[in-house]
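Please treat every number below as a calculation from the coordinates, not as lab data. Since the structure is predicted, the reported quantities are computational estimates derived from the model, not experimental observations. Heads up, the Cβs are rebuilt from the backbone with ideal geometry, glycines too, and the neighbour counts pull from every protein chain shown.
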Amino acid sequence: MAKTKKLLMFLFLFILLAATIAYADCKTDFNSAKASYDKGDYADAAIGFRTVVQSYKTCTLSPEALYMLGQSLEKIGRTDKAIDAYSVLISYRPDSAFARRAQERIKALKPSMTQREIESAAQQAIKTEPQLSGLQKAGKTIAGIDWGLFWTVVGATAGVAALLAGWYYTRKKRKSISRFMTEIDDTYSSFKMKSRRCEAELYRLKDMVSDELKKGKIDENIYMVLEKRIEDYLKEIREQILNEKFGGLPSNMKSELKKMLKDEEISAEEYKKFEALLKKTEGMEKDEKEELGKMVKKWRDEDKRH
């Protein structure tokens, strides 16, 4: 009995220490994500808040992190994913103050959405990302005092081991994500004065990120955030190329090109409209029209390929 008490005391202290470390890490990651959000770096903030939700399920900051994940996704234009995050929060953390705020956001984004639809959206989101559902319910224990104690010890030990393993994995994953974001930012900073080279390098990174997704090294949500960062830079570079090569375009053509590049992807309808406008636009030399047409077609083909 004395040995059992010592074992339980040691286990309790070990769990308490692990929980303290986990909360400290949770708070650090949350504050880092919040700092990115406050700076307007919503893509990086989404990564940070998702890490908190997935990795620190018992942390008291998890409901707020899930809400802020939805806010960050809204900011980068992923309203559908934001509604999923809000739905999970409402369904799995209904007593949280942030669940009420999430309900208000869903009403603002999709007023017609019913409670049943919210629950359905939450279930669908959990199927895609099981980590968002929070803690799983414990299974039944085997009858008998000794066996009960045994499985309690085993379960607690396994829980601590999983916590530490999760912490290590999360750290490793965040480091990998940070490396991609840094490479994307550094590439743009290094080559932005050489627009054509910068465009080629950004397409190379886009292919690399796509390969990482196919290999399972990053998930779809991380891919979405990285792709968004690349697309933002590509949009700026394309505008830069237009200004460098075709600074004297007619106002109607400038307006159409600006509108076409705004969505970061040239749709079939936009390209068709551009072709028609290019044919009837006056004030441009024939070779200038041909060069502009080839360039926009190249962008359209790249968008289709990715």
Kindly state, to the nearest 0.05, the FRET efficiency for residue 39 paired with residue 192, given R0 = 30 Å and r defined as their beta-carbon distance. 0.90
Members of 206/254; 57/81; 192/298; 228/286; 127/297 lying beyond 31 Å, as alpha-carbon distances in this model show: 228/286; 127/297
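Hey, what's the per residue convex hull volume over the C-alpha atoms of the stretch 190-306, in cubic angstrom?
Working: hull volume 11.6 nm³, N = 117.
About 99 Å³ per residue, rounded to a whole number.
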Per-residue counts of other Cβ atoms within 10 Å, averaged by peptide: what ranking do you get for 111-120, 84-93, highest first? 84-93, 111-120
Using a simple spin-label model with points 7 Å from Cα along the Cα→Cβ vector, what separation in nm is obtained for residue 178 and residue 252? 5.3 nm
